[in-house]
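The values are calculated or read from the model by the stated rules, or taken from the named source; none is laboratory data. These figures come from a predicted structure and were not determined experimentally. All Cβ positions, glycine included, derive from the backbone under ideal geometry; neighbour counts span all protein chains shown.
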Amino acid sequence: MTQRFLDPQVLAGIANLELTAKTVVDGFIAGHHRSPDFGFSQEFAEYRAYTPGDDLRYVDWNVYARADRLYLKRYRGETNTRLTILLDRSASMGFKGGYKGDAERRLRKIDYARFLAASLAYLAHQQRDAVGLISFDDDVRDYVEPSSRHGQWLKVLYSLDRSEPGQRTDFARPFLHFQQFLQRRGIVLVVSDFYAPAEEVVNTVAPLRHRGNDVILMQVLDREEVEPRLAGSRVLVDMETGAELEVSPEYAAGPYREKMKAHLDELQKRAAGAGLSYTLALTDQPLDEALRRYLIVREGRP
């Protein structure tokens with residue numbers, strides 16, 4: 001029953017992005033029979049070391065007087081996590097596959113990505129974490145500074161609603177912009193189809209990990225991009241460059257799939273080597289895997 005609420009085709013029938021996110025997260029949590037956070041009580045949980053930018057109101061000055069080191073009291077429900085979502089809204093994210101009879105029920109990659117981003121932003125909001133958003137193509141198109149203030153989630157949703165496919169992808173400029181505004185470490189979630197050389201992607205993103213952030217690469221692809229099925233030859237058009245290529249069923253079933261698999265494998269391998277988390281989401285799959293991966297990283301488990 002829970003999976004029905006995570007089915008992208010069902011979610012596509014919900015016009016309101018706010019309701020979509022609530023449906024996904026509430027269904028996911030109900031399906032796991034437990035809340036993913038500490039809870040919302042103010043019961044004392046543990047100490048943790050102070051990091052620059054932390055609120056000094058929570059410093060335990062008695063411990064500082066004895067140990068000459070700064071520690072914060074961590075309370076249940078006070079997780080002090082920051083989630084920044086970087087959403088790729090380049091032209092290629094507008095792709096929607098589909099074969100005869102099912103094309104109308106398929107989602108564009110950008111729509112699936114917005115479902116993911118809205119759901120994870122809502123999850124962060126429910127856990128009283130700060131959340132922010134950067135949407136980009138060849139430049140930064142929108143920026144919502146991370147915050148846990150009342151109404152922040154609605155600001156993120158408003159930005160997501162405006163995130164339609166734009167120009168070509170350029171990871172360098174948006175990530176430089178993000179580093180300039182990065183004041184405190186947290187979780188950085190990059191949602192993209194990553195149509196760029198794996199080495200280029202990882203080399204651009206990896207500096208964020210060096211600053212102490214947990215970085216998740218969430219690759220969103222249509223199944224037709226991974227497992228194309230052609231009844232006859234087609235002319236494929238690059239959505240960002242306009243370049244055309246005639247593809248036969250034999251090429252699609254053989255060399256193309258091999259090249260795509262090699263790209264995915266290399267991206268995953270290079271991400272792991274740089275200490276980045278990686279997961280692949282296909283637009284016809286339920287959203288629970290994306291939420292599960294986020295929680296794994298958030299809770300500090302490998």
### Residue that is in a helix (DSSP H, G or I), in contact with a helix residue (DSSP H, G or I) (Cβ under 9 Å, 6 or more places away or on another chain), surrounded by fewer than 15 Cβ atoms within 10 Å (Cβ to Cβ) and aliphatic (A, V, I, L, M), where the choices are Leu123, Leu154
Leu154
### Query
Quick check: is even one residue across region 159-181 within 16 Å of Ala290 (Cβ to Cβ) and of a type in the set (Ser, Thr, Tyr)?
no
### Query
From the list Arg141, Arg162, Arg173, Arg211, which one is among the basic types (Lys, Arg) and buried (at least 18 other Cβ atoms within 10 Å of the Cβ)?
Arg141
### Query
For region 190-302, which strands (runs of 3 or more DSSP E) that fit wholly inside it have 1 or more residues that are polar (S, T, N, Q)?
214-221, 277-282
### Task
Quick one: in region 176-198, of everything that is closer than 19 Å to Asp214 by Cα and of a type outside the set (A, V, I, L, M, F, W, C), which residue is surrounded by the fewest Cβ atoms within 10 Å (Cβ to Cβ)?
Gln180
#### Entry: Sole residue being modelled with pLDDT under 85 and either among the acidic types (Asp, Glu) or farther than 26 Å from Leu280 by Cβ (or both), chosen from Arg128, Arg185
Arg128
### Summary
Here the qualifying pairs (Cβ atoms under 7 Å; residues six or more apart or on different chains; first in region 250-265 and within 22 Å of Val235 (Cβ to Cβ) and of a type in the set (A, V, I, L, M); second outside any helix (DSSP H, G or I) and at pLDDT below 90) come out as Ala252/Pro228; Ala252/Leu230
